[in-house]
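One structure is given below, encoded as structure tokens.
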């Protein structure tokens with residue numbers, strides 16, 4: 001039994017431990033680990049027997065998770081990508097949010113909650129989970145297709161709408177008196193709120209737009225990875241905290257603006273990579289804390305309400321999205337894919353429902369229905385995609401990149417795993433030398449950079465056997481494993497050696513232990529940065545020393 005005299009440690013250890021166990025089970029069942037994290041929260045919540053985590057501490061940990069999640073949303077936000085599909089994504093998302101909100105309002109009125117609670121409830125049911133949607137598209141190699149770009153653009157518009165809702169809800173709550181809204185108070189409160197947001201936005205554009213990228217570039221030139229990573233966290237958390245204390249806006253909005261400003265920097269990709277470990281850890285704690293708030297008894301007390309909420313998410317949103325996409329002249333396959341992508345809810349739904357309850361705008365039962373709807377819709381989502389896949393021809397449901405040009409008999413193509421800082425240097429030199437290059441990359445920005453450099457790109461995780469198979473290693477001359485994560489790189493090396501025993505495998509390592517690990521799994525040559533730097537420096541020093549006469553004493 002955990003030591004209750006250390007509630008913070010107990011909450012973190014038990015929360016992460018159960019999240020890992022439940023998430024692993026969810027992964028094995030081929031559903032989103034997010035479901036496992038939520039169920040872990042239910043297990044340590046006050047509505048189930050056994051250990052009960054400290055709700056106040058869990059709430060503060062969740063706030064850090066929200067800040068880092070919103071920072072990541074801002075960091076990956078791209079006006080260019082949004083504008084490329086804006087003609088359908090902007091009106092489509094707005095209309096779909098409106099339909100879902102009205103359906104949620106209707107259910108709330110039937111349950112006797114009132115209009116304000118109904119609007120908050122409906123908004124929470126209207127926005128899809130970024131984690132679930134992106135994973136579903138990546139699994140089907142759809143991120144780089146028109147359908148994938150529309151779905152992601154649609155999601156970006158939903159996220160922006162929810163950011164606006166997070167700004168407006170406290171203002172609406174402040175102007176609401178005795179169940180009714182006084183128009184004069186509402187206008188004044190909204191004016192003050194938008195004024196504070198405008199001041200904060202101006203400060204970020206005038207000061208933050210210069211100071212934040214400058215700070216990151218300065219730290220990057222120190223050469224310290226630890227300081228760079230710390231700088232990223234300080235920017236995300238510091239701007240969010242400052243926004244709340246100085247301008248009265250939410251942590252979430254402050255973190256979103258910090259990420260959006262930083263996204264214009266050339267170091268944004270590296271910042272995203274460095275923020276990932278801590279962001280993932282606190283995001284897990286966020287989902288655990290949300291699960292703690294869920295009362296499973298609602299499934300027995302109000303089964304019809306749960307079913308109605310799930311139908312709004314899975315059927316109501318899907319039908320609306322399908323009709324909107326078709327109305328804009330897109331095909332059946334595109335409409336079905338986007339409908340299935342949006343038929344679930346997640347992170348923003350939890351944030352909105354939690355804020356609504358905290359402000360007294362939504363009853364706790366409403367939050368329970370949102371959480372039940374999220375868990376069940378995420379469980380159902382793979383089934384919907386399976387049904388969509390069955391209705392579409394194989395070439396349509398999962399487009400495969402065009403095959404590479406035939407390689408000369410005397411030499412095969414080069415395969416490069418990862419197109420980050422190291423991979424991009426390798427790829428550019430290979431392309432300049434006229435080599436036929438196939439790049440395996442999961443990140444959209446890096447994949448686009450590889451395409452610009454003339455490579456054929458396979459979107460996905462190279463540790464996935466199906467993704468690696470697309471690179472045709474049996475015909476390849478060699479493979480470069482340029483990703484820094486030793487565990488994932490080891491999986492790639494091991495599979496590549498099994499596919500082609502004679503293949504030359506060149507791998508990157510970050511430590512002596514990683515060198516041994518990758519060599520043991522079959523790498524032909526494993527290169528560690530620090531060791532190679534030392535060799536080059538000694539080569540030059542010793543070569544010069546051999547030809548220079550000794551100094552006179």
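Need the C-alpha centroid separation for the stretch 485-524 versus the stretch 226-283, integer Å.
If you average the Cα positions of each part, the centres end up 34 Å apart.
So what is the 222 nm mean residue ellipticity for the chain from helices alone, if each DSSP H run of at least 4 adds -39500 (n - 2.57) and you divide by all residues, rounding to the nearest 500 deg cm²/dmol?
Value at 222 nm, helices only: -22000 deg cm²/dmol.
Can you tell me the FRET efficiency between residue 202 and residue 425 if r is taken as the Cβ-Cβ distance and R0 is 51 Å, rounded to the nearest 0.05?
E between residue 202 and residue 425, to the nearest 0.05, is 0.85.
Quickly work out the residue 20-to-residue 160 label distance, labels modelled 7 Å from Cα along the C-beta direction, and quote it in nm with one decimal.
For residue 160 paired with residue 20, the spin-label model returns 4.0 nm.
Sort 214, 113, 154 by Cβ crowding within 10 Å, fewest neighbours at the top.
With the fewest neighbours first, 214, 113, 154 line up as 214, 113, 154.
Calculate the FRET efficiency for residue 332 and residue 94 from the Cβ-Cβ distance with a Förster distance of 25 Å, rounded to the nearest 0.05.
The value I calculate is 0.65.
How much length, in nm to one decimal, is gained on full extension between residue 315 and residue 84, taken as 0.36 nm per residue of separation minus their Cα-Cα distance?
Taking residue 315 through residue 84 to full extension adds about 80.4 nm, to one decimal.
Nearest 5 percent is fine: what portion of the DSSP beta bridges confined to the chain is antiparallel?
Percentage antiparallel, nearest 5: 10.
Restricting to Cα pairs below 8 Å that are 6+ residues apart, what does the relative contact order work out to for the chain? Please round to a whole percent.
17 percent
Could you pull the Cα extents of the stretch 414-546 along its three principal axes, largest to smallest, in whole Å?
For the stretch 414-546, the Cα extents along the three principal axes come out at 51, 33, 25 Å.
Order these by the 10 Å Cβ neighbour count, fewest first: 263, 341.
In order of increasing Cβ crowding within 10 Å: 263, 341.
Could you please rank 224, 268, placing first whichever residue has the fewest other Cβ atoms within 10 Å of its Cβ?
Result, fewest neighbours first: 224, 268.
Any chance you could check the Cα centroid distance between the stretch 90-154 and the stretch 427-448 for me, in angstrom?
36 Å
Values in this text are rule-based calculations from the coordinates and carry no lab data. Here the structure is a predicted model, which means the values were calculated and not measured. We place every Cβ from the backbone using ideal geometry, glycine too, and count neighbours over all the protein chains shown.
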